[in-house]
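Just so it is clear, none of the values below were taken in a lab; they were calculated from the coordinates. Everything numeric in this text was worked out from a predicted model, so none of it was measured.
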Amino acid sequence: VGRSSTREENPSLRSLPRIKQPTMADIQAAVKALKSAVDVLKANPDMLNLPQMAFFKEYLVSLGATVPGAKGKGKATPAAKPVVEDSDSDDDLPDLEEIPKAQGAPEPEEEVEPDEEEEVEAENTNVIKGPDADLPKPQEMGDPSKEASDDDYEKSAEAKAKAMEAMGEGKWDVAQTEWAKVITMTPSAMNYANRGNLFLKMKKPVAAMRDAEAALAMNPDSAKAYKVRGKARVMMGDWVQAAKDIGQGQNIDYDEDTRDVAKEVEKWLEEKHARDRRNVVIKERNAPRRQDRLKKQRAKEASGGGGGGGGGGGG
C-alpha cells in the first residue's frame, strides 16, 4: 500500500512553503471576524460582488448556495487553493469599519434605567370629602352682634338643655333644631363651638369648621373652637393644619378627650416626615438618571433622529 511522502523523504517538497497550523486563539479570532463579516453581508448581500469578496463568493457557490449576481444555483467553481504561509497580510480584504452599513438598519437603543418611584401616603378611607362633608343646606348662623335679653337667655337655656339631651340620644335632627334656637337667641363663641361639636358627631366637618370659625371670630382664645376645627380637619385629611389647631387648643386648655386625637395626628406627622426624608434620597438617586436621559435625548435630536419626547420627569 502506498503512503504519502514526507518533506524529509521527498526533497522536492522541501522547497514548498509550510502551511501554517492555526492555534485555538487563531480559530476563535477567525470565527469572530467571520461572524462580523456575515452580519454585514446579511444586511447588504450585494457586497458579495465586490472584487475583494470573490474568493468567498466562489466558496459559497461551490457549496450550492445561491449568491446575488451568481449564475445559477449550486454551480460549482474551481476549489480554492490552500492558503500557504507566503504572507500574513490581509491587506486585500476590506476593513469592516470601511464597509458601509445597510441602509435603514436602526441603531440599537440603550436600555434606560427607570426612576425609582417616590413613596406616597396610603389612602385613608376614613377621610370625608365632597358633599358628604357638609349639610345639605348650611346651618343658620344667627347674628353674632345681637345683644341678648334676659328672656332670650332663659329660652336659650331651655333649648340648650333639649339639644344636649338629643345629642346624648343620637337624635341629630332634634339637636340641630334646638342648637339653631340657641344660636339665634344668644350667639356666643361657646355656643358656636358646642354646636360645632354636634356636627363632628354627625360627621359633617365642613359645618363644624363653619361654627368653629364663627366662634374664633368672637373669641380668638376659644380652646374649644380650636379643638373643634382641628378635629374637623382630621376628618378631611388636613393633618398639618389639624396639628396646629389641636396643639393651640390644648395649650389654652388641656383635656384628656383631645389627647387621643392629638396622638393620632402626631403619629401621622412622624410618618409624613419619615416619608419625606426617604423621598429626598430617592430624588437624589433619580437626578443623575434624568440628566443622562436628557443628555441622550438632546444628542439624538441634534443628530436628526429625535422626536418630541421629553428628557426627564419633574422633581
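Where the alpha-carbon atoms of region 191-315 are placed on the principal axes, they occupy 73, 25, 25 Å, in descending order. In terms of distances greater than 26 angstrom between alpha carbons, the cross-link table entries Lys162/Lys263; Lys204/Lys267; Lys155/Lys231 yield Lys162/Lys263; Lys155/Lys231. Share of Cα-Cα pairs in region 104-209 beyond 24 Å, in percent? When all Cα pairs of region 104-209 are counted, 44 percent exceed 24 Å.
When Rg and the Kirkwood radius Rh are both evaluated on Cα atoms of region 147-235, their ratio Rg/Rh stands at 0.97.
Over the C-alpha trace of region 113-155, radius of gyration and Dmax come out as 23.7, 77 angstrom.
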